[in-house]
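Peer 1: Quick one: this structure, given as structure tokens, is what I'll be asking you about.
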Amino acid sequence: MSKTNKKNLPDGSIVALITPFTEDGQVNTEKLRELVEFHIQNGTDGILVLGTTGETPTMTHEEDDIAVKTVLDAADDRIFVLVGTGSNNSAVMKQKSLDYQEMGADGLLIISPYYNKANPEGLYHHFMQTLDAVEIPCVIYNIPGRTGINIPADVIGRLSKHPNAAGIKEASGNISYAADIAPYLNEKFKMYSGNDDMIVPLLSLGGSGVISVLANVAPKETHDMVQAYLNGDTKKSLDLQLKYLDLVRSLFCEVNPIPVKSALNLMGFNVGDLRLPLYKMSEANEQRLADSLRKVDLL
């Protein structure tokens, strides 16, 4: 059923949740429920399901539905659930957004078109088609490393005025770009870091949190990093950013989500294998990852 009470996006750490698979390659709904509970108990502020970290490009529409239904049911309104509905087909993104709104999503993550790309005006209308159609908050996702296109700052400015545009996940890795969109931020349009090694820098530009890969393995610490900054304890926040920097780098030493899923398996979560074209880590990189986990007492 659709949401009758529109929720505001939470400040803090929103985990970009992995998708666990069973030994025979199916979505592991029991493990997915366990992960939702794990995040609720460890202070995660929100859950993103069907993000890149969830191996969504390898999943069928039916599996997408199973994952969303499972997470929403397990969350039971105890934590904000953001659902990724992005597509390079604008009509598909709109329809998926309406479908998951009806299913009960609290918010939507909508991405710029990849492969076919778009000119600035096409980008604007790509997002507007979904923003005009739904009734729940949407986070615009800027990740040029995967889409091949950077959303111009002035397009973000135009989109930020829409009542359903609630924020941006900024994953360009370019601090100058983040500074360019900072003037558009307010209580109704927030910025979330899409890079775990740049949480504090983006908070310093007015950011409200992170949509995090790191939070899969260190949920409390990622929450604390953001909350400390928002509470005015910038030293504690910076100390945590630097403490986990080596782990963050190890989590991205191969294409995400290969390392983070490997890390969870090393930690005993038994979340299953990756799906092709994603493949297990090299032995050298897995050793590097294990060493990084040990340095922060996660292994």
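The values are calculated or read from the model by the stated rules, or taken from the named source; none is laboratory data. None of these values were measured; they are calculated from a predicted model. Neighbour counts run over all protein chains shown; Cβ positions are idealised from the backbone, glycine included. Quick note on the areas: whole protein, heavy atoms, side chains included, nothing else; ligands and nucleic acids left out. Shrake-Rupley method; radii C 1.70, N 1.55, O 1.52, S 1.80 Å.
Peer 1: What percent do you get for the relative contact order of segment 5-68 when only Cα pairs under 8 Å and 6+ apart count? Write down the numbers at each step before the final one.
Peer 2: Details: 66 pairs, mean separation 27.5, N = 64.
It comes to 43 percent, rounded to a whole number.
Peer 1: Sorted by accessible area with a 1.4 angstrom probe, largest first, how do K6, K190 fall?
Peer 2: Of K6, K190, the descending order of accessible area is K6, K190.
Peer 1: In what sequence, largest accessible area first, do R275, R249 appear using a 1.4 Å probe?
Peer 2: Correct descending sequence by accessible area is R249, R275.
Peer 1: Still on this structure: Taking mean projected area of the Cα convex hull in nm² straight from the coordinates, which label in (i) 14.0; (ii) 23.0; (iii) 16.3 is the correct one?
Peer 2: Computing mean projected area of the Cα convex hull in nm² and matching it to (i) 14.0; (ii) 23.0; (iii) 16.3 gives (i).
Peer 1: Please list, or write none, the aspartates and glutamates whose alpha carbon is within less than 12 Å of the alpha carbon of K295, excluding same-chain residues fewer than 8 places away.
Peer 2: D246
Peer 1: Can I ask one more? Considering only Cα-Cα distances, which of the following residue pairs are longer than 30 Å: K169/K220; K117/K235; K69/K220; K31/K280?
Peer 2: K117/K235
Peer 1: Still on this structure: E102: accessible area at probe 1.4 Å, nearest 10 Å²?
Peer 2: Here the accessible area works out near 100 Å².
Peer 1: Can you give me the Cα centroid spacing of segment 141-203 and segment 60-79 in angstrom?
Peer 2: 26 Å
Peer 1: Hey, any idea what % of the chain's accessible area is carbon plus sulfur with a 1.4 Å probe?
Peer 2: With neighbouring chains kept in place, the figure for the chain is 48 percent.
Peer 1: Running a GNM on the chain with Cα contacts under 10 Å, which residue among I199, I211, I181 ends up with the highest mean-square fluctuation?
Peer 2: Between I199, I211, I181, it is I181 that shows the largest mean-square fluctuation.
Peer 1: What fraction, in whole percent, of alpha-carbon pairs in segment 56-195 exceed 17 Å separation?
Peer 2: 58 percent
Peer 1: Still on this structure: Hey, which lysines would be in cross-link range of K6, C-alpha to C-alpha under 18 Å, not counting anything within fewer than 8 residues on its own chain?
Peer 2: Once the sequence-local lysines are set aside, what remains near K6 is K161, K188, K190.
Peer 1: Need one number: % antiparallel among DSSP beta bridges in segment 12-233, to the nearest 5.
Peer 2: Details: 2 of 31 bridges.
Bridges in segment 12-233 that DSSP calls antiparallel: roughly 5 percent.
Peer 1: Take the alpha carbon gyration tensor of segment 217-299, find the square roots of its eigenvalues, order them as a ≥ b ≥ c, and report rounded if a/c is under 1.5; if not, report prolate when a/b exceeds b/c, else oblate. Write down the numbers at each step before the final one.
Peer 2: Details: a/c = 2.36, a/b = 2.14, b/c = 1.10.
Prolate.
Peer 1: Still on this structure, please answer the following. Can you tell me the accessible area per residue over the chain, all protein chains present, probe 1.4 angstrom, in square angstrom?
Peer 2: That works out to 43 Å² per residue.
Peer 1: On to the next question. What ³J(HN,Hα) values, in whole Hz, does the Karplus curve 6.51 cos²θ - 1.76 cosθ + 1.60 give for segment 262-270 when θ = phi - 60°, with x put for Gly and Pro?
Peer 2: Result, ordered by residue: 4, 4, 4, 5, 4, 7, x, 7, 6 Hz.
Peer 1: Expressed in nm², what is the orientationally averaged projection area of the convex hull enclosing the Cα positions of segment 143-299?
Peer 2: Projected over every direction and averaged, the Cα hull of segment 143-299 covers 10.1 nm².
Peer 1: Roughly how many nanometres apart are two label points built 7 Å out from the Cα toward the Cβ at D154 and R275?
Peer 2: 4.0 nm
Peer 1: Can you tell me the dipole magnitude for the chain around its Cα centre, using point charges on the Cβ only (Lys, Arg +1; Asp, Glu -1), in Debye to the nearest 20?
Peer 2: 640 debye
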